[in-house]
Amino acid sequence: MADCRAVPTPIDGLLDEFVDEQLDDSPTFASTLGAEGYDDRLDDLSAGAFEARAARDELWIQRFGDVPDDDLALDERIDRDLVLSTLRGRAIMRDWEGWRRSADTYLSPGLYGVFTLFLQRLRPEPELAASAAARLRGIPELLDHGRVNLKPELANPVLVRRALGQCQAAIRYARDLVPAELEDAGDRALVAEAGEVAAAAYESFAVFLDELAAAATGDYAVGEVRYSALLRERELLGLDAAALRERGQAAWEELAVRMDEVAARIDGDSGGWRDAVERLNDDHPSSPEAMRAAYEDWTERARSYLREHELVTLPEGEQCLVEPSPPFQRPVLAVASYNRPPAFRDSRVGHFFVPFPPDGTPAEEVRKRLQTNNHSVIPSISVHEAYPGHHWHLSWAKSGTRRVRHIIGTSFFIEGWALYAELMMSEQGFFADDRQVLGWLDSRIFRAARIIVDTSLHSGDMSFEDAVTFMRERTSLTEPTARAEVGRYCAWPTQASSYLTGSLEIERMRERYLKEGRGTLRHFHDALAGSGMLPLGLAERALLG
């Protein structure tokens with residue numbers, strides 16, 4: 001039960017001040033949340049702005065650290081510790097200077113800042129057009145900051161080339177696709193003019209990135225010390241990188257045995273789970289659009305199953321739309337993704353993005369991507385992204401009144417919950433066919449392999465090519481998907497490890513919750529998911545006190 005107070009307390013004012021500053025620092029993030037007054041602005045990505053934010057973070061650590069436990073309610077203590085864990089995570093990475101290494105830093109705000117305006121459509125179209133045009137016209141300044149800040153001795157060529165693919169896709173997005181979002185000719189002309197400004201800037205930045213990739217000599221590995229510190233101080237887990245890798249290896253081995261058993265039930269002469277999964281890969285949708293339609297079908301099946309079996313409480317007005325992934329996302333993400341409803345608005349409409357290939361992808365590579373989204377894995381991925389995974393969780397969590405929890409979250413909870421959802425739905429009989437069971441287990445062993453690769457990459461124990469080979473040999477990923485996946489791990493340390501780590505922790509919490517007789521399975525789901533997106537140590541405190 002949430003511990004809410006009718007009368008504001010001193011820490012409420014401190015939390016509101018912090019939230020307001022975070023929104024001001026990132027107007028594009030504020031827009032995704034539905035906060036008003038930010039839609040025509042872009043983030044300040046100058047060197048001075050990064051340095052000023054770091055200084056303010058240190059002051060916030062001191063201010064929140066000075067707040068004692070005395071007279072704080074449980075939820076207030078959790079909110080304070082949530083802010084502190086986030087700030088300490090930033091401090092751990094400060095000397096890494098990701099803003100001097102990652103070109104994504106300068107691409108994402110402009111792209112997602114425009115995309116979410118039209119995705120959510122929270123205001124009348126003429127206002128959306130004016131805001132989109134303002135942001136498009138601001139993109140050259142963003143990219144100019146990138147030119148100044150990115151350093152070849154720090155940037156890594158793998159990550160620069162990854163960003164280059166996104167930049168090239170952004171050219172067509174700004175020039176052709178954004179204006180097409182508008183019906184009125186005048187609004188369309190306004191956005192087309194601004195889109196041309198942005199497209200020209202992306203074209204120039206692509207040349208810069210190509211040259212940067214050739215000169216880049218930096219590393220992507222953040223190092224075992226930083227990685228372990230993030231686990232302990234940001235995620236509040238009692239693990240270091242080495243212990244987490246051991247957990248991933250043990251889980252992989254256990255799952256491989258179970259998968260061999262399922263594969264033998266499907267085909268006694270399967271030759272092991274890898275061979276069985278390879279054969280299942282061939283049963284895939286005929287086209288990207290057929291893939292989208294299959295995901296839409298299984299998304300609705302999962303929703304109906306939750307209702308019929310009373311496994312969660314479905315919030316009023318929630319809806320999950322199943323759509324092709326944004327064009328600018330396709331070169332850098334080869335798996336499904338989800339965009340949550342705006343936290344500061346009443347809408348509970350979320351968007352499940354199906355991983356379409358980039359424009360111009362050769363037919364053979366399209367086929368390989370479709371194999372990765374075959375009919376045996378589509379049910380479990382639909383559960384993960386939609387019901388009761390990301391969409392249900394983030395729609396349900398909107399019911400809470402804790403403002404700071406709408407802006408701060410961790411993938412260890414978000415992705416851990418979604419992977420737990422797959423496990424729970426399997427336990428409840430949703431995957432009735434052994435092929436679907438093998439597909440679900442395949443998605444779970446993939447997450448175990450991710451832990452091994454992510455910890456090894458960032459500890460310096462695996463090269464990029466070693467990691468691609470590992471993912472090809474230890475999972476069912478095709479080579480293009482494995483390569484895209486490893487690029488993502490290099491760019492986002494600890495995120496790949498968060499899925500299975502989070503699921504295992506949630507499973508442990510569930511066992512304790514039910515053993516202590518605190519409520520039913522449905523009560524557990526509603527209570528834990530309703531606490532927000534907390535670091536797992538804080539989520540357990542919110543759940544169990």
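Bear in mind that the values in this text are calculations on the coordinates, not laboratory data. Since the model is a prediction, treat every value here as computed from it, not as a measurement. For neighbour counting, all protein chains shown are included, and Cβ atoms are generated from backbone atoms with ideal geometry for every residue, glycine included.
Here are some notes:
- Beta bridges by DSSP in the chain, antiparallel share as percent, to the nearest 5: 35 percent
- Residue exposure sequence - 277, 191, 486 - by fewest surrounding Cβ within 10 Å: 277, 191, 486
- Converting phi to 3J(HN,Hα) with the Karplus coefficients 6.51, -1.76 and 1.60 and the offset θ = phi - 60°, the stretch 423-434 yields 4, 4, 5, 5, 4, 8, x, 5, 8, 7, 8, 4 Hz in sequence order, with x at every glycine or proline.
- Positive-pole candidate from 256, 236, 191, dipole of the stretch 184-292, charges at beta carbon: 236
- Sorted on the mean count of surrounding Cβ atoms within 10 Å across their residues, most packed first, peptides 157-167, 27-37 read 157-167, 27-37.
- Spatial offset of the stretch 26-64 relative to the stretch 447-509 amounts to 30 Å, using the alpha carbon center of each.
- For residue 72, residues with placed amide H under 5 Å, excluding near neighbours: none
- Cα gyration tensor category, rounded, prolate or oblate, for the stretch 230-544 with a/c compared to 1.5: rounded
- Full extension of the chain between residue 24 and residue 316 gives 102.0 nm of extra length, using 0.36 nm per residue less the Cα-Cα distance.
- Rounded to 0.05, the FRET efficiency of the residue 147 and residue 473 pair, given R0 = 41 Å and the Cβ-Cβ distance, is 0.55.
- Whether the chain is rounded, prolate or oblate, judged on the alpha carbon gyration tensor where a/c under 1.5 counts as rounded: rounded
- Residue 43 long-range amide H proximity, modeled H, under 5 Å: 28
- If the chain linking residue 207 and residue 127 were pulled fully straight, counting 0.36 nm for each residue of separation and taking away their Cα-Cα distance, it would gain 25.5 nm.
- Its relative contact order, with pairs defined as Cα atoms under 8 Å and 6+ residues apart, puts the stretch 116-271 at 27 percent.
- The stretch 170-244 versus the stretch 76-94: alpha-carbon centroid distance in Å: 25 Å
- By the count of other C-beta atoms within 10 Å, a proxy for reagent exposure, 119, 143 are ordered fewest to most as 119, 143.
- Per-peptide packing, taken as the mean over residues of other Cβ atoms within 10 Å, places 336-348, 418-430, 87-99, 515-527 in the sequence 418-430, 336-348, 87-99, 515-527 from highest down.
- Averaging the sequence gap over all C-alpha pairs within less than 8 Å and six or more residues apart, then dividing by the number of residues, gives the stretch 10-215 a relative contact order of 23 percent.
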